[in-house]
Amino acid sequence: MSTSKKIEDLISYSRILYERKLLHATGGNTSVRDGDTVWISQTGAELGSLTKAEVVKVDLHGTVLEGEAPSKEMGMHLAMYRARPDAGAVIHAHPTFAITLSSLVKEASRDAIRPYTAAFYVRAGRVPMIPYHGSGAHSLHVAVEELAADYHALLLRQHGMIVAGANMAETVGMVEEIEQCCQISVASGMKGEWLTETQCQDIDQALGRTWKV
């Protein structure tokens, strides 16, 4: 995919995230990888009306190559890209039910979101929760980096989620599946029936993946 098409996808899918209420106001940030560089939304940008002028080019170490100041959560994005060479897009979103669920889960967990649907588990798999860190805090970026190689979706306590995928379309789909599963969990009082460990293992085996536990 050409660089221009990746940037077009970044802008169009960022707007879709806003339209589907997966983020609000100036919350959240998005990026796409293009070889050894990353295009990321500018700090303070409203993703619902993101423009090319508000997309910043950086290298994998965070040096700005083109544009204004990148998102203050750039460190999380770069941690995911460095740990997951297959990732072509990263989304940090603030969906309502993901944040609600994260406030109900009392402690950090390597399996924070129960797999109520096979669609969720196929797309997202096991999703750990990171304890609360302030927005933009270096400690948050370090916490993400510690898990990024082993999981492509992380729940951030009272701060939403960060997800890495092959491209923007796939990553948005993952965000949606996670948010739906969080909504089911909240609606059921976290008491509904979810997939068994054996059922999850069958999916993992079919997809050829393993998880660090």
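Quick look at the values:
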{"quantity": "Enumeration of residues in the stretch 1-42 that are among the β-branched types (Val, Ile, Thr) and either part of a loop (DSSP other than H, G, I, E, B) or under 17 Å from the mean Cα position of the chain (by Cα) (or both)", "calculated": "Ile11, Ile16, Thr26, Thr30, Val32, Val38, Ile40"}
{"quantity": "Flag for Thr43 being surrounded by 14 or more Cβ atoms within 10 Å (Cβ to Cβ), among the polar types (S, T, N, Q) and free of Cβ contacts under 8 Å to residues at least 40 places away in the same chain", "calculated": "yes"}
{"quantity": "Single unsatisfied condition, Pro131 versus (1) free of Cβ contacts under 8 Å to residues at least 24 places away in the same chain; (2) closer than 30 Å to Gly192 by Cβ", "calculated": "(1)"}
{"quantity": "Verdict on Glu146 being without any contact (Cβ under 8 Å) to a residue 24 or more places away in the chain and surrounded by fewer than 21 Cβ atoms within 10 Å (Cβ to Cβ)", "calculated": "yes"}
{"quantity": "Within the stretch 80-122, tally of residues that are in contact with an Asp or Glu (Cβ under 9 Å, 6 or more places away or on another chain), within 21 Å of Thr3 (Cα to Cα) and in a loop (DSSP other than H, G, I, E, B)", "calculated": "1"}
{"quantity": "Subset of the stretch 43-64 [within 21 Å of Glu170 (Cβ to Cβ) and part of a strand (DSSP E or B)]", "calculated": "Val55"}
{"quantity": "Checking Ile162 against (1) touching a residue at least 12 places away in the same chain (Cβ under 8 Å); (2) in contact with a helix residue (DSSP H, G or I) (Cβ under 9 Å, 6 or more places away or on another chain); (3) farther than 14 Å from Met76 by Cβ, the condition it does not meet", "calculated": "(3)"}
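The rows are residues; the columns are (1) under 15 Å from Leu17 (Cα atoms); (2) in a loop (DSSP other than H, G, I, E, B); (3) modelled with pLDDT of 95 or more; (4) of a type in the set (Asp, Glu).
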| site | (1), (2), (3), (4) |
| --- | --- |
| Tyr151 | no, yes, yes, no |
| Thr171 | yes, no, yes, no |
| Ile178 | yes, no, yes, no |
| Cys182 | no, no, yes, no |
| Met190 | no, yes, no, no |
| Leu195 | no, yes, yes, no |
| Gln201 | no, no, yes, no |
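The values are calculated or read from the model by the stated rules, or taken from the named source; none is laboratory data. Because the structure is a prediction, the values reported are computed rather than measured. Cβ: placed from backbone, ideal geometry, glycine included. Neighbour counts: every protein chain shown.
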